[in-house]
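The values are calculated or read from the model by the stated rules, or taken from the named source; none is laboratory data. Here the structure is a predicted model, which means the values were calculated and not measured. Counting neighbours? That spans all protein chains shown, and the Cβs are built from the backbone with ideal geometry, glycine included.
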């Protein structure tokens, strides 16, 4: 059995990857090179935000193409997808953009984002059209009732709930952190500012991750 956790980014994905999927007694893959893994496992879960959105400024149509590609490779896969309040998602994505070295204003960020990414309902309907089993969770429900959401997700996967920590990962920057990091992103060369970004990430419950400009 193949389970694909396709994102969306900023919907509690890192918590699920680190505290739930990694601790399950099944094969766990966090890699976009999904065609090269061995298939001699009873159950495999593949989790990567890039399966739905690999770059903040990419056109939204790509996620639909990826979904159809996944259907061809794993026709019987189960799908897990997370969504979030749209305003909250935008602000969290902007915070990640600044973490990754961006220097533009929020208005600049919004103007360069394909607004079709906000049509969560259309994307979910597309997944349900392609796949028979689609589990949809809301980020806000993970925050307010984590135990229930985790139990329902594990039931969907067909595995017991692992012993996990109630830990926050990659939380959004506070306003003063956002202003300071954006200032240094604009002031210093990208590579020079890498150390400062690393410090901000480590002091704000956010693990360093792949950087995108």
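When 16, 113, 118, 4 are checked against the criterion of being over 14 Å from the mean Cα position of the chain (by Cα) and within 25 Å of residue 150 (Cα to Cα), a single residue qualifies: 118. Output the residue which, of all residues in segment 138-160 that are touching a helix residue (DSSP H, G or I) at 6+ places or on another chain (Cβ under 9 Å) and surrounded by fewer than 14 Cβ atoms within 10 Å (Cβ to Cβ), is nearest to residue 18 (Cα to Cα). Taking the candidates together, the pick is 160. Somewhere in segment 165-172, is a residue under 22 Å from the mean Cα position of the chain (by Cα), closer than 22 Å to residue 46 by Cβ and without any contact (Cβ under 8 Å) to a residue 40 or more places away in the chain? No - not one qualifying residue is present in segment 165-172. Exactly one residue among 43, 27 is modelled with pLDDT of 85 or more and within 22 Å of residue 68 (Cα to Cα), and that residue is 43.
Counted as qualifying within segment 40-135 are the helices (runs of 4 or more DSSP H) with 3 or more residues that are touching a residue at least 24 places away in the same chain (Cβ under 8 Å), surrounded by 16 or more Cβ atoms within 10 Å (Cβ to Cβ) and out of contact with any helix residue (DSSP H, G or I) (no Cβ under 7 Å at 6 or more places or on another chain), namely 86-99.
Scanning segment 17-36 finds no residues that are touching a residue at least 40 places away in the same chain (Cβ under 8 Å), under 24 Å from residue 129 (Cβ atoms) and either surrounded by fewer than 19 Cβ atoms within 10 Å (Cβ to Cβ) or in contact with a helix residue (DSSP H, G or I) (Cβ under 8 Å, 6 or more places away or on another chain) (or both). Contact map, segment 1-16: first residue at positive phi and modelled with pLDDT of 95 or more, second residue assigned to a loop (DSSP other than H, G, I, E, B) and crowded, with 23+ Cβ neighbours inside 10 Å, Cβ cut-off under 6 Å, separation 6 or more or different chains; the map is empty. Could you go through segment 142-150 and let me know if any residue there is farther than 22 Å from residue 70 by Cβ and in a loop (DSSP other than H, G, I, E, B). Scanning segment 142-150 turns up at least one residue that is farther than 22 Å from residue 70 by Cβ and in a loop (DSSP other than H, G, I, E, B). Residue check: is residue 212 loosely packed, with under 13 Cβ neighbours inside 10 Å and either modelled with pLDDT under 90 or within 26 Å of residue 100 (Cβ to Cβ) (or both)? Criteria not met by residue 212.
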